[in-house]
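Working notes, beginning with the structure itself.
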Amino acid sequence: MSSVSDTYSSQYSPSSPWGPRRARRVHAGVGQHTAHMASSRHEQGHGRAWGIALFCILIVLIIGAWWAAGHFYFADRAPMGTSFAGQSLAGQTRAQVENAVEKKAQTARVTFRVIGRPSATLSYEQLAVTPHVSATVAAIVNARGSNPFAKAWPFGSHTIPLSASLNDRAATDAVNARVLTDGEHMVEPTATYQPQSHAFVATPGKSGLSASQSQVHAAIMRSLEGSSSRSVSATVSIEKSSPSIPDASATALAAQANARLNTNYTISNGHTKAVRIPADVLASWMTIQPNAKSYQLELTVNREAADKWIQDTVPSKINVAPIDQHDMYSPHNTKIAVKSAGYNGLKVTSLDPVVTAVVNGLQSGQPVFTVAPMQTEKFTVIKDVVPHNFSVPNGDPWVHIDLSSQTLTTFKGTTKVASYPIATGKAGHDTPDGTFYVYLRYDTQTMRGPGYVSPGVRYINYFNGSVATHAAPWNVANINAGRASSHGCVNMLPQDALTVYKFAPLGTMVQVTGKAPASAAR
C-alpha cells in the first residue's frame, strides 16, 4: 500500500515541466492548512494555561489575605464569631474587650424571687462573686487559638462566659439576708474576736430557713454564661436548713486563735532593738470563717493587713539612727580630740521575709523571732573648731602657765580671771613650753609613770601627751613655795584644780611659757 507522498511522487516526475511546480503547490497547500490548525491549537492551549495561572494566583491572594487578616489584624483582637454577654465582639481590640467585660462585672444584677416575700436584686459583689476580668479577656481574644485562618473564619460562633469565683454559701446567706426576716434564717456557728474580753469567742449555730443553695447557684451561673440582659431573674424556694458546721469546730478554732494571741511574735534588728507584735494587732489579722469550697470553718491570716502594719510600724521601732562624731580642731586645722564619738546606724532594707515568717508562724501557731535584713548607715564626722576669740575683752577662755613664776592664770580673751600657785616638772622631767589644747579630762584617775603610781587623782586636764593639770594634795608645800617638783604635770591645790577643771573644758587652749627656776619661785 502506498502513502500519499508516494502517489504524488509517482505522478509528477522531476523531468516534467509541470511536475515539480504542481507538486510544490500541492505540498504548499497542505502545509499551510496544517500550520493554521497547529497555531489554533497552540493559542487555545496558551489561553487555558493563563486562565489556570490567574485562578491559582487569585486563590493564593485570597489565602494570603485571609492569613494576613488572621495573623495581623486579629493578633490581639477578638476573633470572628466571638460574643460575650449577648453582644458580638468580633474584631474588637483587647482594650475594648476588657471594657465590655468590666462593664458586665460591675453592672450585672441577679434578682431572686420568692413567692410571698420581697424579691432581692443583688450585684456580684453582694453575692461574693469575684469576676476574673483578665482571664475572661484572654479567653475571648484566644477563643480560636493561635491559628490565623481560624481567627478570621467568618462561620461558626463562640459565646464566652464571664470567668469568676463563687462562694455558694456566702451568696445564699446574702439572699437570705434580703428575703428572710430576723430570726428565720439558719445560722452557722462562728468565732469572732471580742475587744472587751481580748479573746476570740465562739457563737453556736442555729437551725432555720434558707433559700435553696442550688437554685441560687444556678441563677448566678446563668448570669455569668452570657445573657444579653444585665439583669437575670430566678425563682428560688425556701427550705428548712440546719448548720453544716458543728459548734465544736467554732469552739476549737477560737481556742487555737486565743493560743496564738499568747504566742511570741517578735521582730528584731539583730542588735539592740526588737518589737513584739501586740495581741490585739495579731487578732486583727486573724479571721475564723468558712472555707469557700468546703464551707468548713478555718482560721485564716490576712497577709495584706500584716504586711501593712509591719511596713508602717516596725522600721521606727528597730531602726537605729547614726550618731555623728564631733572632732575638735584647733584654729590651725590640727585635730585636738574626739569631742563625741560617732556610732553607725542600722536601717531596714526589706520587710518582705519578715512578713512571710510572721504570717507563716501565725498560720501554724508557732512562735516567731525573726531578724529583719538591715544595712549599716555610716555616721558623719563633723569638724568643730574650738573657741579661739582671745583678742577681745571677755572673749573665749584659755589658760596661761608661767614656768618662771610657777603660776597658772586663767583668761577670758584679754581679761584676766584668776591666778593660782603651781608646781611644774622638776629637772629631767621638765614641763614643755608651747601652745596646746585640752584633749582629755578625768574627774578621777589612777595616774602611773616611771617610779610612781598615784590612785584617785582628781580634776585632771591633759593638754600635752601625759602632761596635765591636776590636784596634788601630797605636794602642797612645793606648790605654795613655787618649787618645780613634779614628774612633768602641773600640780595644783585641790580647790584650785577643781576651779580650773570647771573653767577649762575640752578644747581649751593652754599656753606654757618661761623656764622653771632651780629653786623656789616664792
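Throughout, read-outs are computed from the coordinates displayed, never taken from laboratory work. All values derive from a computational prediction rather than experimental measurement. When we count neighbours, we look across all protein chains shown, and the Cβ atoms used for this are built from the backbone with ideal geometry, even at glycine.
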> For the range 298-382, rounded, prolate or oblate, judged on the Cα gyration tensor with a ≥ b ≥ c (square roots of eigenvalues), a/c < 1.5 rounded, else prolate if a/b > b/c?
Replying inline: prolate
>> Tell me the net charge near LYS502. Cut-off is 15 Å between Cβ atoms, LYS502 excluded, with +1 for each Lys or Arg and -1 for each Asp or Glu.
In response: +1
> Could you name the aspartates and glutamates in cross-link range of LYS515, using Cα to Cα under 17 Å and dropping any fewer than eight places away on the same chain?
Replying inline: ASP402, ASP430, ASP433
> What is the local net charge at GLU377, summed over the other residues whose Cβ is closer than 13 Å to its Cβ (Lys, Arg +1; Asp, Glu -1)?
Replying inline: +1
>> Cut-off under 20 Å on the C-alpha distance; same-chain residues fewer than 8 positions from LYS335 excluded. Which lysines are left, in chain and number order?
In response: LYS383
>> Whole angstrom only: what separates the Cα centroid of the range 187-241 from the Cα centroid of the range 428-483?
In response: 89
> Taking LYS293 as the anchor, which lysines have their alpha carbon closer than 26 Å to its alpha carbon, excluding any fewer than eight residues away along the same chain?
Replying inline: LYS104, LYS206, LYS240
> Listed here are the pairs LYS317/LYS347; LYS347/LYS378; LYS339/LYS426; LYS339/LYS502; which of them are more than 21 Å apart at the Cα?
Replying inline: LYS339/LYS426
